[in-house]
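Single-structure report; data block below.
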Amino acid sequence: MDKQRSWIVASVVLLLFAAVTLLLLTVHVDEIQEPPQYTYGIVLDAGSSHTTVYVYRWPADKQNGTGVVTQHSECKVKGGGISSYAGQQGAAGRSLEACLYRAMVDIPQARHHLTPVYLGATAGMRLLNISSPEKSMQVLQEVAATIKSFPFKFQTVKILSGKEEGAYGWVTVNYLLENFIKYGFVGRWLNSGRQTVGALDLGGASTQITFVSKEKIEDLENSMTLRLYGQDYSLYTHSYLCYGQNEVLRRLLAHLLTTQDITGIVHHPCYPSDHRETLNLQQVFESPCITSQRPAVSNTETSAIVQGTGNYQHCLGNISEIFSFQNCLFSQCSFDGVFQPNTSGSFMAFSAFFFTHSFMKKSTGIYISTPDHLRQAAQSVCNMTFVKMSKDFPEQKSYLKDYCAVTVYIQVLMLRGYRFDDQSLTRVSFQNKAGDSSLGWSLGYMLSMSSMLPEESVNLRRALHPGAWISLLLLIALLISTTLIFIILQVCQKKSNV
């Protein structure tokens, strides 16, 4: 009788297990996306004065065709820009190696062979390409060979046009301000619906202005269309080669040297009155930006003594002569005959704009929000002595002699060139970073390139609804409990029979 009862119970348990198995086969399951892996990308920003290696990353499944990119790491290459190594065999490539090794550490090894690498050279290489195309090509070939020796996915080494540099800087600014997309409360990225802001970039050899304009762009050379996150943006953009900070300082020196007697003391109205230095003329006149100012006959090995006078008005007059505000063939121009519509909306100024603005604010205590404030700050900087500036800002000693000239240059550029006024200048903010990301063209370039990279397929997992999962757990728990109770009863019964 006991044996018969045991077979009956065992049969019932097996039937229940079979029923649970059938339920598992018929219960509806959903396909759940696994969190996407990250795709990485490397951009080398080869500027005129230095190179920076940026590592970016974004979810492999992207967002409306464009990666939601964040800056993963940043490495500043020691030494000058790659153009400074022209004529030095292999030096430009070797300068990049330390930061590329750092990128190998920052990116998971399994993703190395999938990581695209781009090098974009800006105005420094544009100038070298003008003065010596052979040396320019040699530098590009050397840095390309170095990048290809690393286990990444080499894409391109190129000299960016001024238009590209300006447009990608604009993309960076607006992306970091979440003017394209923002992370919504629903847990996904949404179109922000915000107005974009213009971008002002001041580098070593060029300066760029880029913004969305509702006015007609009369010169198509200054027009560019970008597609990001499913939307098209039509931009006005222009890059002024030879109007970067370093080249303007060089052009100012050349102007002073060619209008004064270099056998005596050359007076520099933008240098502090207590600053004197000896210049090698070859270093002044070697740039392609100085072609029109280079003396027909000059002993480039000769040195000249330059004495500062700290005269704001004379400094303003000399820097204004670098610009040309005549000969406009369009309805309106900025300078040098370049068409520019009226500025509109807000702007963000970065790179040398930010550093110079920061110095003006710290050294003068003037908060710059109007043209008058900018003029007052520039004049105050020009009235400072080198001794006082060295005492207040010892960490910037190598830059102090040039701050007067740069502040006056920014004054002329923004007020006369770009025509910012009492209303529009208040909408210009000066920043170097937004969040943890640096401002510049490289992030915008990576965003644009990410839209051309194929998406990776998303891994799927099959999953039950929570209700079905709980019901099955209860059934299995009931079966296990029933089995345990049956075993315990059998053991107790055998003991009692003994």
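What the table below lists for this structure:
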quantity	calculated
Test: residue in region 108-115 that is open to solvent by 70 Å² or more (accessible area, probe 1.4 Å) and either within 18 Å of V77 (Cα to Cα) or touching a Pro at 6+ places or on another chain (Cβ under 8 Å) (or both)	yes
Number of positions in region 207-216 that are at pLDDT below 95 and either under 21 Å from the mean Cα position of the chain (by Cα) or closer than 22 Å to V428 by Cβ (or both)	4
Selected residue (only one of S358, S369 is of a type in the set (S, T, Y) and in contact with a helix residue (DSSP H, G or I) (Cβ under 6 Å, 6 or more places away or on another chain))	S369
S346 vs. criteria in contact with a Lys or Arg (Cβ under 6 Å, 6 or more places away or on another chain) and in contact (Cβ under 8 Å) with a residue 60 or more places away in the chain	yes
Selection within region 104-136 - within 18 Å of the chain's Cα centre (by Cα), closer than 14 Å to T51 by Cα and not aromatic (F, W, Y)	L119, G120, A121, T122, A123, G124
Test for A167: is it in contact with a Leu (Cβ under 8 Å, 6 or more places away or on another chain), part of a helix (DSSP H, G or I) and not basic (K, R)	yes
Lone qualifier among I262, I322, I305 - being in contact with a Ser or Thr (Cβ under 6 Å, 6 or more places away or on another chain) and β-branched (V, I, T)	I305
Any hit, region 426-434, residues being closer than 22 Å to E277 by Cβ and small (G, A, S)	no
Region 129-154, residues that are part of a loop (DSSP other than H, G, I, E, B), at pLDDT 95 or above and surrounded by fewer than 19 Cβ atoms within 10 Å (Cβ to Cβ)	S149, F150, P151
Single condition V381 does not satisfy, out of (1) touching a Phe, Trp or Tyr at 6+ places or on another chain (Cβ under 9 Å); (2) closer than 16 Å to S429 by Cα; (3) not acidic (D, E)	(2)
Any chance L249 is closer than 22 Å to D336 by Cβ and more than 35 Å from the chain's Cα centre (by Cα)	no
One residue from V157, V69 being surrounded by 15 or more Cβ atoms within 10 Å (Cβ to Cβ), farther than 28 Å from L241 by Cβ, among the aliphatic types (A, V, I, L, M) and under 20 Å from the mean Cα position of the chain (by Cα)	V69
Hey, G230 out of contact with any Cys (no Cβ under 8 Å at 6 or more places or on another chain), open to solvent by less than 70 Å² (accessible area, probe 1.4 Å), in contact (Cβ under 8 Å) with a residue 24 or more places away in the chain and at positive phi or not	yes
Odd one out for S95, checked against (1) open to solvent by 70 Å² or more (accessible area, probe 1.4 Å); (2) among the polar types (S, T, N, Q); (3) modelled with pLDDT of 90 or more	(1)
Subset of region 388-400 [surrounded by fewer than 21 Cβ atoms within 10 Å (Cβ to Cβ) and over 25 Å from the mean Cα position of the chain (by Cα)]	K388, S390, K391, D392, F393, P394, E395, K397, S398
Enumeration of residues in region 205-226 that are in contact (Cβ under 8 Å) with a residue 24 or more places away in the chain, open to solvent by less than 80 Å² (accessible area, probe 1.4 Å) and not in a loop (DSSP other than H, G, I, E, B)	S206, T207, Q208, I209, T210, F211, N222, M224, L226
Tally of residues being part of a strand (DSSP E or B) and within 16 Å of D421 (Cα to Cα) across region 328-345	1
One residue from T343, T426 being open to solvent by 60 Å² or more (accessible area, probe 1.4 Å), among the β-branched types (V, I, T) and within 27 Å of F211 (Cβ to Cβ)	T426
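The values are calculated or read from the model by the stated rules, or taken from the named source; none is laboratory data. Predicted model, so just to flag it, every value in this text is computed and none were measured. Here Cβ is always computed from backbone atoms with ideal geometry, including for glycine, and neighbour counts include all displayed protein chains. Note: areas computed on protein heavy atoms with side chains; ligands, DNA, RNA excluded. Shrake-Rupley method; radii C 1.70, N 1.55, O 1.52, S 1.80 Å.
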